[in-house]
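Worksheet: the structure to be examined is printed underneath.
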Amino acid sequence: MSLARRSSRILASLVFAASLAACGDDSSAAPDMGRPPPDFGPPVDAALPPPPSAACEPSPGGGSATVAAPVLRATLSDRWHEGWLASPVALDVDGDGVKEIVAARSGRVNAWKLDGTLVASFDVDGRIWSSPIVADLIPEHAGLELAFAERGNLHVLGADLTELPGWPFAWNDELRSLAAGDLDGDGRLELVAVTTNPVEGSGQRDLLIAVKDNGTILPGFPPNTTGASGCDDACYQTGGYDQNVALGDITGDARAEVFATQDNAYLSLHDGTGRAFDCAPFFAGRTKFNGVRFLHDYDEAKQGWAPNEDTALQAHFTNSAPAIADLDGDGLRDLVVLGSVQNAAQTNRLQGVGLWALHPDGTRLAGWEAPFHAPNYLAGLWDYDGVNVVAATNQVSIADLFPDSAGPELVFAGFDGRIHCVDARAHELWQTTYTTSDRVLTTGVAVADLSGDGSPEVVFASYSPDDGVSNLFILAANGSELHRVALPGRGAMSVPTVTDVDGDGALEVVVALKGGADGMPQVLVYTVPGSGTACLPWPTGRRSDLRDGLVP
């Protein structure tokens with residue numbers, strides 16, 4: 001059932017390059033998709049900082065400075081359905097007042113009790129790539145709803161996992177990104193999805209759709225081809241391949257904006273009417289944020305081209321999962337995104353990752369005039385052939401780990417086998433190696449206090465095309481490794497979910513595994529003794545069950 005990202009990304013890049021060549025844009029050089037073997041040697045970590053003070057209010061009694069080892073609580077299994085990038089959720093499916101574990105797999109959504117009983121399932125034709133949403137999407141319907149994207153369809157189920165009237169909604173296959181937010185200010189949530197296969201019309205392209213809770217399209221979407229965006233011929237849209245959307249109010253009008261990433265060096269930013277944000281006037285020949293080319297050198301970005309594209313660096317946002325947060329403390333939220341790094345000629349793709357912090361007019365926050373660059377490359381840009389194991393998500397998680405440092409911290413995996421922590425002024429605080437193998441990756445991290453002392457831990461899982469080499473990791477706030485727990489099979493491609501499943505006050509770490517062979521586990525549930533629910537700044541993929549990447 002796999003649609004290989006590698007082949008579709010090649011096609012998308014070549015089609016996009018051809019379209020820009022027709023427009024005379026300087027970024028039209030076709031990419032070199034070869035993969036020479038990396039040879040950077042083993043990563044070398046800098047000395048870690050001392051443990052920071054508590055960033056959250058400690059649990060009653062003060063908690064413990066020691067994080068207990070995770071204890072396996074439940075092993076949940078079904079049939080052949082394998083996992084993709086979907087983080088699991090906890091939801092009371094059978095109405096007995098106790099939450100079940102719900103996991104979106106390829107072709108099925110499953111709900112289990114902690115004793116391993118499968119209490120409900122919902123079958124679909126295709127794979128479910130991104131994390132499901134749990135929210136009160138339809139206030140007139142009792143209880144919460146669960147929404148997810150399956151191939152080209154959006155589904156909305158009741159908590160009992162039955163489809164609600166008016167759904168599914170069909171758009172362009174494949175929808176690999178889904179988030180919920182109130183775009184039009186009516187107090188109800190819309191669903192926003194990004195496609196790998198852009199629509200075309202009126203001389204424009206679109207990757208975004210927004211759908212109301214009754215299954216109809218929100219007016220103004222898709223924004224470019226309807227004309228709602230106001231885009232001219234310098235808005236360069238193409239498809240997005242991996243959880244490429246964040247939603248949040250960045251203007252202070254209590255309505256969510258849509259920030260989307262895509263398979264090129266450009267980004268999209270729209271309000272709830274579909275209007276594309278204007279860019280700062282010093283971006284030559286550009287009127288919209290969507291036309292700003294994200295070259296690393298700020299002056300080159302302002303003019304839109306580099307004198308030497310063989311050596312100039314630029315971003316590429318194919319698998320970028322963006323976030324929205326106030327980094328500089330001005331009371332307005334900023335745009336945060338991690339991208340891969342390539343030369344502007346696109347002939348050298350293996351130049352690590354770059355972390356960007358932006359204003360909604362395309363300008364860069366003070367201290368972020370150049371992106372933070374982690375340049376080493378071990379693995380992560382390419383899918384592994386023939387095994388349904390995909391490239392790394394360029395995903396940043398945001399949380400306050402060092403309360404004595406202004407602003408929150410930004411935590412992400414590089415292409416170098418390391419987890420990096422950068423402060424709000426683009427200074428790296430620590431980096432920690434989790435692998436030296438080019439066949440082990442992670443998609444991103446959760447952040448939660450697992451000991452009740454008010455200092456959050458960093459939680460993530462690794463995955464591989466090879467069996468028996470993946471782990472669940474817990475790092476302290478200063479990056480020191482606390483626990484490493486072996487995971488079976490190919491590990492987990494999704495970000496773990498940290499939540500109190502059974503309501504006993506202690507946290508569970510829920511890991512949705514990649515594998516789906518009969519008789520093999522699909523989900524593992526670990527309890528962390530001594531943990532509590534008071535401090536969960538980024539407890540699941542895309543931060544919350546809305547999957548919006550928004551820091552409140």
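Would you mind stating whether Thr273 is in a loop (DSSP other than H, G, I, E, B), open to solvent by 20 Å² or more (accessible area, probe 1.4 Å) and either in contact with a strand residue (DSSP E or B) (Cβ under 6 Å, 6 or more places away or on another chain) or within 17 Å of Trp356 (Cβ to Cβ) (or both)? Here the answer is no, as Thr273 does not meet what is asked.
With the condition being without any contact (Cβ under 8 Å) to a residue 60 or more places away in the chain, I'd like the strands (runs of 3 or more DSSP E) fully within the stretch 453-546 carrying at least 1 qualifying residues. Show your work before the answer.
Values: elements: 457-461, 470-475, 481-487, 497-499, 507-512, 523-528.
Where strands (runs of 3 or more DSSP E) fall fully within the stretch 453-546 and carry at least 1 residues being without any contact (Cβ under 8 Å) to a residue 60 or more places away in the chain, they are 457-461, 470-475, 481-487, 497-499, 507-512.
Residue count for the stretch 328-352 satisfying the condition of being closer than 25 Å to His270 by Cα and not small (Gly, Ala, Ser): 10. Tell me whether the stretch 434-448 contains one or more residues that are open to solvent by less than 10 Å² (accessible area, probe 1.4 Å), on the phi < 0 side of the Ramachandran plot and more than 20 Å from the chain's Cα centre (by Cα). No: zero hits. Residue count for the stretch 176-198, restricted to those that are more than 24 Å from Val93 (Cβ to Cβ) and open to solvent by 30 Å² or more (accessible area, probe 1.4 Å): 6. Going by the structure shown, is Thr533 open to solvent by less than 30 Å² (accessible area, probe 1.4 Å), within 25 Å of Ser53 (Cα to Cα) and at pLDDT 95 or above? No. How many residues are free of Cβ contacts under 8 Å to residues at least 60 places away in the same chain and buried (at least 17 other Cβ atoms within 10 Å of the Cβ) when one looks only at the stretch 313-335? So the count comes out to 2. If you check Asp249, Asp233, Asp213 for being touching a residue at least 40 places away in the same chain (Cβ under 8 Å), open to solvent by 50 Å² or more (accessible area, probe 1.4 Å) and over 30 Å from Gly380 (Cα atoms), only one passes: Asp233.
Quick check on my filter: what residues within the stretch 43-75 are open to solvent by 90 Å² or more (accessible area, probe 1.4 Å), in a loop (DSSP other than H, G, I, E, B) and not aliphatic (A, V, I, L, M)?
Of the residues in the stretch 43-75, the ones open to solvent by 90 Å² or more (accessible area, probe 1.4 Å) are 44, 47, 50-51, 57, 60, 65-66, 72-73.
Imposing the further condition that a residue be in a loop (DSSP other than H, G, I, E, B) reduces the set to 44, 47, 50-51, 57, 60, 65-66.
Hits for the stretch 43-75 are Pro50, Pro51, Glu57, Pro60, Thr66.
Answer yes or no as to whether Gly417 is open to solvent by 10 Å² or more (accessible area, probe 1.4 Å) and of a type in the set (Gly, Ala, Ser). Against the criterion (open to solvent by 10 Å² or more (accessible area, probe 1.4 Å) and of a type in the set (Gly, Ala, Ser)), Gly417 does not qualify. If you go through the stretch 116-175 and keep only what is among the small types (Gly, Ala, Ser), free of Cβ contacts under 8 Å to residues at least 24 places away in the same chain and surrounded by 15 or more Cβ atoms within 10 Å (Cβ to Cβ), you end up with just Gly158.
Quick one: in the stretch 167-220, of everything that is of a type in the set (Gly, Ala, Ser) and assigned to a strand (DSSP E or B), which residue is farthest from the chain's Cα centre (by Cα)?
Restricting attention to the stretch 167-220, the residues satisfying the condition of being of a type in the set (Gly, Ala, Ser) are 170, 177, 179-181, 185, 187, 193, 201-203, 210, 215, 220.
From what's left, assigned to a strand (DSSP E or B): 170, 177, 179-181, 193, 201, 210.
Working: Ala170: 23, Ser177: 8, Ala179: 10, Ala180: 14, Gly181: 16, Ala193: 13, Gly201: 29, Ala210: 18 Å.
Among residues in the stretch 167-220 that are of a type in the set (Gly, Ala, Ser) and assigned to a strand (DSSP E or B), the one farthest from the chain's Cα centre (by Cα) is Gly201.
For Val353, state whether it is closer than 25 Å to Asn244 by Cβ, in contact with a helix residue (DSSP H, G or I) (Cβ under 6 Å, 6 or more places away or on another chain) and not basic (Lys, Arg). Full working, then the answer.
Details: closer than 25 Å to Asn244 by Cβ: yes; in contact with a helix residue (DSSP H, G or I) (Cβ under 6 Å, 6 or more places away or on another chain): no; not basic (Lys, Arg): yes.
Here the answer is no, as Val353 does not meet what is asked.
So, Thr442, is that one touching a strand residue (DSSP E or B) at 6+ places or on another chain (Cβ under 8 Å) and closer than 18 Å to Pro496 by Cβ or not?
When the stated conditions are applied, Thr442 passes them.
Which residue out of Ala260, Ala265 is farther than 23 Å from Arg547 by Cβ and open to solvent by less than 40 Å² (accessible area, probe 1.4 Å)? Residue meeting the stated conditions: Ala265.
Using the structure shown, decide if Val109 is buried (at least 20 other Cβ atoms within 10 Å of the Cβ), out of contact with any Cys (no Cβ under 7 Å at 6 or more places or on another chain) and more than 14 Å from Val523 (Cβ to Cβ). Step through it out loud before you land on a result.
Details: buried (at least 20 other Cβ atoms within 10 Å of the Cβ): yes; out of contact with any Cys (no Cβ under 7 Å at 6 or more places or on another chain): yes; more than 14 Å from Val523 (Cβ to Cβ): no.
So Val109 fails the test.
If you check Ala379, Ala306, Ala345, Ala366 for being assigned to a loop (DSSP other than H, G, I, E, B), open to solvent by 20 Å² or more (accessible area, probe 1.4 Å), of a type in the set (Gly, Ala, Ser) and in contact (Cβ under 8 Å) with a residue 12 or more places away in the chain, only one passes: Ala366.
The values are calculated or read from the model by the stated rules, or taken from the named source; none is laboratory data. It should be emphasised that the depicted structure is a prediction, and the values quoted were computed from it without experimental measurement. Virtual Cβ from ideal backbone geometry, glycine too; neighbours counted across all protein chains shown. Accessible surface areas use protein heavy atoms only, side chains included; no ligands, DNA or RNA. Shrake-Rupley method; radii C 1.70, N 1.55, O 1.52, S 1.80 Å.
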